[in-house]
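Asker: Here it is: the structure, laid out below.
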Amino acid sequence: MRLRRVGTVGSLLFAIGVFAAPAFAASPTGGSMTAGGATAPPGTATTGATGATGATGATGPVSVTPTVPTAPSRAPIVLGKGESPDYVYNGPVYVQGTDGTIAPYVPHTQVASVSGGTVAGVASAGLPHLLVPGSRAEIVNGLAAAPEDAPAAVQHLIWAANKIIGRPYEFGGGHRSFVSTGYDCSGTVSFALHGGHLLKVPLDSSQFEGWGRSGQGQWITILTNPGHAYLDVAGLRLDTSAADDPSQQQGPRWRPLRPANDGYDVRHPTGF
């Protein structure tokens, strides 16, 4: 009796479970829906409206890398192919004032025509600090104009050397003291390097063979052997010898580069 009741109750629960089916059931074909036993008309479900696209954000500022002048990988120490020792610079020249301002240069005297050291006399302290655009120095009326792209030490070396242009050649000159009435080859090189704050005491040509670093410099190159020394700075030659110089003037002068430098050790200041 108890087993039959349980069976009856189980059948009843099963029946209730069938009739308690969900109110909506999807058609196996996906075409129609049933609601409470009634069949809904077949059809495709409506797709919801697409949401509006958001506004595009403003583009941020584009970073611009400033152009930095590039220094020459190596300052030339010989005349290039096709270059002439008679080359005359005709480009723009500027002068840097004591306050650092730069203005166009207006020459007042032809210093190249002055000889015997007059250029480097008492008035030499007032020589203009000449500048030219780019990375190569140029000869302007016998004086050297420093390149604007050169480091300050290189510019001051050039401006200092201008003070002794035109002094006579004097053996041993510039070795007892940087101040002298005349200069020999290594005395001239020493004076220039001292003007750029790169040398504290004068050296002779043999001592320069072991000074600084071996090889060609980026801005400054010393060419030396036991008998002679001269200097290349930013593409100009500072030398007491008139070799390969059409002017044939002796003593400290700015001169064109030579076609070759055979027989010389090549040195340069550290960092230059």
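The values are calculated or read from the model by the stated rules, or taken from the named source; none is laboratory data. Keep in mind the model is a prediction, meaning the values are calculated, not measured. Counting neighbours? That spans all protein chains shown, and the Cβs are built from the backbone with ideal geometry, glycine included.
Asker: Would you pick out the residues in segment 211-236 that are over 20 Å from Asn162 (Cα atoms) and in contact (Cβ under 8 Å) with a residue 40 or more places away in the chain?
Answerer: Selection gives Trp211, Gly212, Arg213, Ser214, Gly215, Gln216, Gly217, Gln218, Thr224, Asn225, His228.
Asker: Does Leu238 meet the test of being within 22 Å of Ala260 (Cα to Cα) and of a type in the set (A, V, I, L, M, F, W, C)? Even if it seems obvious, please write down each step before you answer.
Answerer: On the way: within 22 Å of Ala260 (Cα to Cα): yes; of a type in the set (A, V, I, L, M, F, W, C): yes.
Criteria met by Leu238.
Asker: Now, a different point. Being over 15 Å from Pro107 (Cα atoms) and either of a type in the set (Ser, Thr, Tyr) or assigned to a helix (DSSP H, G or I) (or both) is the filter here, so list the residues in segment 125-142 that pass it.
Answerer: Ala125, Ser135
Asker: Here is a follow-up. Name the single residue that is surrounded by the fewest Cβ atoms within 10 Å (Cβ to Cβ) among those in segment 236-248 being polar (S, T, N, Q) and at pLDDT 95 or above. Spell out how you get there, then give the answer.
Answerer: Step one: list which residues in segment 236-248 are polar (S, T, N, Q), which gives 240-241, 247-248.
Next, from what is left, pick out any that are at pLDDT 95 or above: 240-241.
Working: Thr240: 26, Ser241: 17.
Checking each candidate, the answer is Ser241.
Asker: Among the numbered conditions (1) over 23 Å from Leu143 (Cβ atoms); (2) free of Cβ contacts under 8 Å to residues at least 60 places away in the same chain, tell me where Asp239 comes up short.
Answerer: That leaves (1) as the condition not met.
Asker: Looking only at segment 143-156, decide whether some residue is part of a loop (DSSP other than H, G, I, E, B), crowded, with 24+ Cβ neighbours inside 10 Å and among the charged types (D, E, K, R). It would help to see each step written out before you state the result.
Answerer: Step one: of segment 143-156, the residues part of a loop (DSSP other than H, G, I, E, B) are 148-151.
Those left that are additionally crowded, with 24+ Cβ neighbours inside 10 Å: 150.
From the residues that got through so far, the ones that are among the charged types (D, E, K, R) too are none.
No, segment 143-156 contains no residue that is part of a loop (DSSP other than H, G, I, E, B), crowded, with 24+ Cβ neighbours inside 10 Å and among the charged types (D, E, K, R).
Asker: Taking the stated definitions as given, is Thr224 touching a strand residue (DSSP E or B) at 6+ places or on another chain (Cβ under 8 Å) and among the polar types (S, T, N, Q)?
Answerer: Working: touching a strand residue (DSSP E or B) at 6+ places or on another chain (Cβ under 8 Å): yes; among the polar types (S, T, N, Q): yes.
Considered against the rule, which asks whether it is touching a strand residue (DSSP E or B) at 6+ places or on another chain (Cβ under 8 Å) and among the polar types (S, T, N, Q), Thr224 comes out as yes.
Asker: A further question follows. Please go through segment 198-221 and give me each residue that is under 22 Å from the mean Cα position of the chain (by Cα) and under 15 Å from Leu157 (Cα atoms), ordered by number.
Answerer: Leu198, Gly217, Gln218, Trp219, Ile220, Thr221
Asker: Could you say which residue among Val95, Val111, Val122 is hydrophobic (A, V, I, L, M, F, W, C), at pLDDT below 65 and in contact with a strand residue (DSSP E or B) (Cβ under 7 Å, 6 or more places away or on another chain)?
Answerer: On the way: Val95 fails: at pLDDT below 65; Val122 fails: in contact with a strand residue (DSSP E or B) (Cβ under 7 Å, 6 or more places away or on another chain).
Among Val95, Val111, Val122, only Val111 is hydrophobic (A, V, I, L, M, F, W, C), at pLDDT below 65 and in contact with a strand residue (DSSP E or B) (Cβ under 7 Å, 6 or more places away or on another chain).
Asker: Given the options Val266, Val233, name the one that is under 31 Å from the mean Cα position of the chain (by Cα), of a type in the set (Val, Ile, Thr) and surrounded by fewer than 21 Cβ atoms within 10 Å (Cβ to Cβ). Write out each step before concluding.
Answerer: Numbers: Val233 fails: surrounded by fewer than 21 Cβ atoms within 10 Å (Cβ to Cβ).
After applying the criteria, what remains is Val266.
Asker: Same structure again: Looking only at segment 251-259, decide whether some residue is closer than 16 Å to Ala160 by Cβ, of a type outside the set (Ser, Thr, Tyr), over 29 Å from the mean Cα position of the chain (by Cα) and surrounded by 22 or more Cβ atoms within 10 Å (Cβ to Cβ). I'd like the intermediate steps shown before the answer.
Answerer: We begin by selecting, within segment 251-259, every residue closer than 16 Å to Ala160 by Cβ; these are 252-254.
From what's left, of a type outside the set (Ser, Thr, Tyr): 252-254.
Now narrow it down to the ones that are over 29 Å from the mean Cα position of the chain (by Cα): 252-253.
Keeping just the survivors that are surrounded by 22 or more Cβ atoms within 10 Å (Cβ to Cβ) gives 252-253.
Within segment 251-259, one or more residues are closer than 16 Å to Ala160 by Cβ, of a type outside the set (Ser, Thr, Tyr), over 29 Å from the mean Cα position of the chain (by Cα) and surrounded by 22 or more Cβ atoms within 10 Å (Cβ to Cβ).
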